[in-house]
Each structure stands twice: as structure tokens, then as C-alpha cells.
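The values are calculated or read from the model by the stated rules, or taken from the named source; none is laboratory data. These figures come from a predicted structure and were not determined experimentally. Please note: Cβ atoms are built from the backbone with ideal geometry, for glycine as well, and neighbour counts cover all protein chains shown. In case anyone asks, the SASA skips ligands and DNA or RNA and just uses the protein heavy atoms, side chains included. Shrake-Rupley method; radii C 1.70, N 1.55, O 1.52, S 1.80 Å.
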Amino acid sequence: MARIKISLSEAEQAIVAAERYSHPDLHVRRKMLVLWSVQAGLTRAKAGEVAGVGRATVQRYLAAYRDGGLDGLRHWGVVGPVSALTEHAETIKASLTQEPVRTVSEAACRIKQLTGLDRGLTQTRVFLKELGFRWQRTRAVPVPPKSLSPSMSPSSGSF
């Protein structure tokens, strides 16, 4: 594999220096750190040690920079699985907001009635949290005590 020569312009150096600490995505920060380390003169193996990645990963990062520049380095094309419930999210949220449930199992039953999708309690709980619902403890509403009748007053000594 051919060695990739890295030379950053002044503007690119300023961008990489800022984004290796302040970019919101951890993967992009790591890529910028690798690019900065290699540009500063570290070997690819040492740059990998500094960033906590292998030498082959350093080579992939540098190839991404060579092919797409800083925008190619910022790209993170990993997309996780998408739940089948997400397309029914608005319907579920409206139903549960209009008529709240008391337990997660009630919510799972309601979701099955609305969508036909059967989910376990843990998955239902995670999905409800993603929708913005949260668990609330039910407690007794404090009510002032009834006034005591004269025969039940503590001073009557009927104990």
C-alpha cells in the first residue's frame, strides 16, 4: 500500500486543531486527532496509539482525507437498526397522551392493538422513553385531617 503524504494548509490546520477537541461526534474528533498527529510528524503506529486505534484504521482515516478532504473525514456512514415502531410513533404518542396507561404491560397491549406489533416489556419501556414518556410514582394526595369530635379529643383521657 502506498504511503499517503499529508500536508495541511493553514486554514485546514486551524479547522483540524479546533475540531479535534470541539466536534460533537467522538469518531470525527478521533479522526481529526489522527490527522493532526500524522501531520505533526508522528508515525502512523504512534498516531494510532495516541488516538486508541490500530495502524490499519489510521490508514483508512488518511485515505478518507485523501479522497474527500476534511468533509470525507467528517463523514460517519454508520446507521443503526431502526425500530418498526418508529413509523407509528405519532399514533402511539397521541393515544397514550389522550388516555394514559398505568403500567408498561398496559402500554405494550395498547401498542399491539394500535400497530399489531408485539414487543416485550423492556423494549416497550425503551420505546416509551424515546417518545418522551417517563415513569411517575403514584402517591397519596395529602388531605388535611378531619376535625376530631369532642369525645375523641386527646385531652379526654379515654385511652
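Of the residues examined, Gly80 is one that is part of a loop (DSSP other than H, G, I, E, B), small (Gly, Ala, Ser) and closer than 30 Å to Gly116 by Cβ.
When you look at Arg60, is it open to solvent by 40 Å² or more (accessible area, probe 1.4 Å), assigned to a helix (DSSP H, G or I) and touching a residue at least 40 places away in the same chain (Cβ under 8 Å), yes or no? So Arg60 fails the test. Of everything listed in (1) over 30 Å from Asp25 (Cβ atoms); (2) surrounded by fewer than 10 Cβ atoms within 10 Å (Cβ to Cβ); (3) at pLDDT 90 or above, the single unmet condition for Gly132 is (1). In the set (1) at pLDDT 90 or above; (2) closer than 30 Å to Ala11 by Cα; (3) open to solvent by less than 30 Å² (accessible area, probe 1.4 Å); (4) of a type in the set (A, V, I, L, M), the condition left unmet by Ile111 is number (2).
Out of the residues in the stretch 21-51 that are open to solvent by 50 Å² or more (accessible area, probe 1.4 Å) and under 22 Å from the mean Cα position of the chain (by Cα), state the one that is farthest from Ile6 (Cα to Cα). Top of the filtered list is Pro24.
Residues satisfying the criterion are present in the stretch 26-37 (criterion: assigned to a helix (DSSP H, G or I), in contact with an Asp or Glu (Cβ under 6 Å, 6 or more places away or on another chain) and at pLDDT 90 or above). Here is a check on your reading of the model: is Ala140 part of a helix (DSSP H, G or I), over 30 Å from Pro24 (Cβ atoms) and either out of contact with any Gly (no Cβ under 9 Å at 6 or more places or on another chain) or among the β-branched types (Val, Ile, Thr) (or both)? Judged against the criteria, Ala140 is not a match.
Residue pairs whose Cβ atoms lie under 6 Å apart, separated by 6 or more positions or on different chains, with the first residue in the stretch 83-110 and more than 17 Å from Trp135 (Cβ to Cβ) and the second open to solvent by less than 60 Å² (accessible area, probe 1.4 Å) and in a helix (DSSP H, G or I), are Leu85/Phe127; His88/Thr115.
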